[in-house]
Amino acid sequence: MQNEFHSRLLFELSKPGRRAAILPACDVPEKSVTSLLPAEALAEEPLPLPELAESDVVRHFTNLSHRNMSVDTHFYPLGSCTMKYNPKRNERLASLDGFAQIHPYQPENTLQGMLSLLAELGDALAEIAGLHAVSLQPAAGAQGEITALMVAAAYFKHQGQTNRTKVLIPDSAHGTNPASATMAGFKAITVKSNKDGSVQLEDLESKLDDQTAVFMITNPSTLGLFEKQIGKICDRVHEAGGLIYLDGANMNAILGVTRPGDFGADMMHYNLHKTFSGPHGGGGPGAGPIAVRDMLAPYLPSPIIVKKEGKFHLEEDRPLSIGRVRNFFGSIGVLLRAYCYIRTHGPEGLRRVSDHAVLNANYLLAKISEVMPVPQGNRCMHEFVASASRYKSKTGVSAMDLAKRLLDYGFHAPTVYFPLIVPEAMMMEPTETESKETLDRFAEVFTEIMQETPEELHDAPLSTKIRRPNEVKAAREPILQWQRKE
Ligand SMILES: *Cc1c(COP(=O)(O)O)cnc(C)c1O
């Protein structure tokens with residue numbers, strides 16, 4: 001158990017006069033500084049900042065950091081999020097001075113190394129996608145979605161097809177899909193799924209018309225299934241004059257096996273922080289580059305990197321572009337890690353990543369399905385969705401209770417209650433970076449806790465500092481400042 005001392009806020013630990021650093025005496029007359037500023041800009045009293053020794057500060061933050069679970073400390077089968085191991089080599093390479101110390105406002109001729117590397121990353125992503133042009137700007141998958149939809153809107157507008165106002169989305173989709181469509185100014189329309197999790201073709205066809213702009217599909221889907229009718233689906237949408245958007249969050253399953261451009265997608269996003277091992281979670285930066293077919297390339301955000309007379313150049317003069325969606329070059333740190341990951345694996349290595357991600361998921365599926373039904377099939381891609389529904393009606397114990405109990409055993413919980421079409425969903429994605437022993441142990445613990453009493457499970461977790469926080473309160477009622485307790 002952690003010492004209560006470390007649970008308190010820095011402000012509460014403050015002792016007047018305590019210091020983490022001793023600064024040399026000021027060697028310019030104070031007056032010469034204060035006289036440069038207008039009187040009303042000067043503070044009348046010292047700011048009420050916490051006063052602490054360095055050891056207090058280090059212990060405070062180090063102890064806080066140990067309350068989290070992370071891929072470096074725990075198995076983390078959070079479905080759809082691809083919490084694979086983040087190789088330390090990528091961290092070292094991305095923090096080399098030559099990358100970390102440059103400034104985006106440096107003259108272009110001093111940024112040639114960085115620009116060539118980003119251009120190469122763009123080429124690799126285009127090749128893996130089977131598409132033609134890439135923008136590295138979007139900072140997350142969700143921003144990639146809205147950026148690509150803005151590109152589609154600009155494309156249709158330029159074609160004079162302003163009637164195309166609808167975006168069709170399967171009911172198994174991630175919540176960001178309808179949100180992005182709405183924010184990009186489209187009307188989001190839901191398409192039903194079949195019992196086996198595939199797209200209901202008749203429902204899709206009945207909703208396709210000359211108002212359809214885009215069909216957004218996640219393939220493999222959030223159920224961990226490859227959509228077998230993908231060719232037919234893309235043909236139908238294209239015949240109706242619409243575009244296909246691929247939500248590429250699950251590319252971890254198909255790298256080097258198939259390419260979205262080959263099965264009919266016109267545009268897609270990557271989640272570099274998922275598929276290409278960027279560290280993520282906890283609100284850290286991500287990167288959601290998009291790849292598009294050639295006819296959409298002129299509308300991509302500006303600037304793009306082009307090579308002219310042997311030199312890399314940021315091309316701004318692109319009259320059809322939707323403009324900037326992110327400052328500078330995007331999330332450089334994440335882009336660099338993805339570059340290192342792609343180059344160190346090479347084409348065969350990336351294919352092996354996906355082979356092993358699928359193998360691991362199927363191994364875990366075989367074990368978990370012995371104790372809990374997996375409604376959409378006995379084979380999966382990189383993840384699968386078990387349903388605690390029957391178990392809940394028998395015992396009164398929910399997917400949430402089981403998820404919370406796993407924390408007590410040192411496992412991060414799977415994704416729960418998503419996708420929405422599976423009741424009491426528990427979505428598990430082991431990723432390729434876990435060993436057989438870890439998967440065996442997880443399945444064993446999962447099976448064991450299902451035998452525990454409902455009381456034990458309703459009270460879980462018992463070992464964590466914070467037990468069951470209200471999951472939306474912090475977002476709905478944010479407190480962004482320390483408030484002194486009177
Ligand atoms: C993670 C995810 C997204 C959103 O990506 P972010 O990078 O979190 O914005 C979209 N769709 C699916 C299927 C995802 O798993």
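The values are calculated or read from the model by the stated rules, or taken from the named source; none is laboratory data. These figures come from a predicted structure and were not determined experimentally. Ideal geometry is used to build each Cβ from the backbone, glycine not excepted, and the neighbour counts take in all protein chains shown.
Has the stretch 256-266 got at least one residue that is assigned to a helix (DSSP H, G or I), within 25 Å of Y339 (Cβ to Cβ) and within 13 Å of the ligand (Cβ to nearest atom)? Before the answer, list the steps.
Here is the first cut: in the stretch 256-266, the residues assigned to a helix (DSSP H, G or I) are 260-263.
Narrowing further to those that are within 25 Å of Y339 (Cβ to Cβ): 260-262.
Adding the requirement that they be within 13 Å of the ligand (Cβ to nearest atom) leaves none.
No, there is no match, as no residue in the stretch 256-266 is assigned to a helix (DSSP H, G or I), within 25 Å of Y339 (Cβ to Cβ) and within 13 Å of the ligand (Cβ to nearest atom).
Suppose the filter is charged (D, E, K, R), assigned by TED's automatic domain parsing to the domain that holds T275, away from the ligand (no atom under 16 Å from the Cβ) and under 24 Å from the mean Cα position of the chain (by Cα); does E120 pass it?
On the way: charged (D, E, K, R): yes; assigned by TED's automatic domain parsing to the domain that holds T275: yes; away from the ligand (no atom under 16 Å from the Cβ): yes; under 24 Å from the mean Cα position of the chain (by Cα): yes.
When the stated conditions are applied, E120 passes them.
Would you mind stating whether S172 is modelled with pLDDT under 95 and either within 22 Å of H269 (Cα to Cα) or not in a strand (DSSP E or B) (or both)? Reasoning before the result, please.
Values: modelled with pLDDT under 95: yes; either within 22 Å of H269 (Cα to Cα) or not in a strand (DSSP E or B) (or both): yes.
Yes: the conditions hold for S172.
Would you confirm, using the coordinates I've provided, whether A139 is of a type in the set (A, V, I, L, M, F, W, C), within 28 Å of P260 (Cα to Cα) and in a helix (DSSP H, G or I)? Steps first, answer last, please.
Working: of a type in the set (A, V, I, L, M, F, W, C): yes; within 28 Å of P260 (Cα to Cα): yes; in a helix (DSSP H, G or I): no.
Taking the combined requirement at face value, the residue does not satisfy it.
Let me spell it out: the conditions are (1) buried (at least 17 other Cβ atoms within 10 Å of the Cβ); (2) aliphatic (A, V, I, L, M); (3) away from the ligand (no atom under 14 Å from the Cβ), and I169 meets all of them except one. Which number is the exception?
The one condition I169 does not meet is (3).
Report every pair of residues separated by at least 6 positions or lying on different chains whose Cβ atoms are under 7 Å apart, first residue within the stretch 267-280 and within 11 Å of A148 (Cβ to Cβ) and at pLDDT 95 or above, second among the charged types (D, E, K, R) and near the ligand (Cβ under 9 Å from one of its atoms).
H269/E145; H269/D247
Quick check, is G160 of a type outside the set (A, V, I, L, M, F, W, C), under 23 Å from L320 (Cβ atoms), at pLDDT 95 or above and more than 16 Å from the ligand (Cβ to nearest atom)? So that I can check it myself, show each step before the final result.
Working: of a type outside the set (A, V, I, L, M, F, W, C): yes; under 23 Å from L320 (Cβ atoms): yes; at pLDDT 95 or above: yes; more than 16 Å from the ligand (Cβ to nearest atom): yes.
Against the criterion (of a type outside the set (A, V, I, L, M, F, W, C), under 23 Å from L320 (Cβ atoms), at pLDDT 95 or above and more than 16 Å from the ligand (Cβ to nearest atom)), G160 qualifies.
So, A249, is that one crowded, with 18+ Cβ neighbours inside 10 Å, over 17 Å from L121 (Cα atoms), assigned by TED's automatic domain parsing to the domain that holds E120 and touching a Leu at 6+ places or on another chain (Cβ under 8 Å) or not? Steps first, please.
Working: crowded, with 18+ Cβ neighbours inside 10 Å: yes; over 17 Å from L121 (Cα atoms): yes; assigned by TED's automatic domain parsing to the domain that holds E120: yes; touching a Leu at 6+ places or on another chain (Cβ under 8 Å): no.
Against the criterion (crowded, with 18+ Cβ neighbours inside 10 Å, over 17 Å from L121 (Cα atoms), assigned by TED's automatic domain parsing to the domain that holds E120 and touching a Leu at 6+ places or on another chain (Cβ under 8 Å)), A249 does not qualify.
For A126, all conditions in the list (1) part of a helix (DSSP H, G or I); (2) closer than 28 Å to L225 by Cα; (3) in contact with a helix residue (DSSP H, G or I) (Cβ under 8 Å, 6 or more places away or on another chain); (4) aliphatic (A, V, I, L, M) hold save one; what is the number of the exception?
With respect to (1) part of a helix (DSSP H, G or I); (2) closer than 28 Å to L225 by Cα; (3) in contact with a helix residue (DSSP H, G or I) (Cβ under 8 Å, 6 or more places away or on another chain); (4) aliphatic (A, V, I, L, M), A126 is out only on (3).
Can you find, within the stretch 123-155, the residue that is farthest from the chain's Cα centre (by Cα) among those that are surrounded by fewer than 24 Cβ atoms within 10 Å (Cβ to Cβ) and within 16 Å of the ligand (Cβ to nearest atom)?
The extreme case among them is M150.
Could you tell me whether the stretch 66-76 includes any residue that is in a helix (DSSP H, G or I) and either away from the ligand (no atom under 16 Å from the Cβ) or in the same structural domain as A253 (by TED's automatic domain parsing) (or both)? Quick ask: steps written out before the conclusion?
Step one: of the stretch 66-76, the residues in a helix (DSSP H, G or I) are none.
No, because not a single residue in the stretch 66-76 is in a helix (DSSP H, G or I) and either away from the ligand (no atom under 16 Å from the Cβ) or in the same structural domain as A253 (by TED's automatic domain parsing) (or both).
For L23, work out the one condition from (1) within 30 Å of R67 (Cα to Cα); (2) at pLDDT 85 or above it doesn't fulfil.
(1)
Filter the stretch 199-241 for residues that are within 16 Å of the ligand (Cβ to nearest atom), out of contact with any Leu (no Cβ under 7 Å at 6 or more places or on another chain) and either outside the structural domain of D262 (by TED's automatic domain parsing) or in a loop (DSSP other than H, G, I, E, B) (or both) and give the result.
Matches in the stretch 199-241: P220, S221, T222, L223, G224, L225, F226, E227.
Which residue is nearest to P77 (Cα to Cα), if the candidates are limited to the stretch 271-296 and must be small (G, A, S) and buried (at least 19 other Cβ atoms within 10 Å of the Cβ)?
Restricting attention to the stretch 271-296, the residues satisfying the condition of being small (G, A, S) are 277-278, 281-284, 286-288, 291.
Next, from what is left, pick out any that are buried (at least 19 other Cβ atoms within 10 Å of the Cβ): 277-278, 286-288, 291.
Numbers: S277: 14, G278: 16, G286: 19, A287: 21, G288: 21, A291: 28 Å.
Selected residue: S277.
Could you please find all residues in the stretch 52-69 being more than 25 Å from S463 (Cβ to Cβ) and surrounded by 13 or more Cβ atoms within 10 Å (Cβ to Cβ)? Steps first, please.
To start, the set of residues in the stretch 52-69 that are more than 25 Å from S463 (Cβ to Cβ) comprises 52-57.
Hits for the stretch 52-69 are L52, A53, D56, V57.
Does the stretch 317-329 include one or more residues that are within 16 Å of the ligand (Cβ to nearest atom) and farther than 21 Å from T431 by Cβ?
Within the stretch 317-329, one or more residues are within 16 Å of the ligand (Cβ to nearest atom) and farther than 21 Å from T431 by Cβ.
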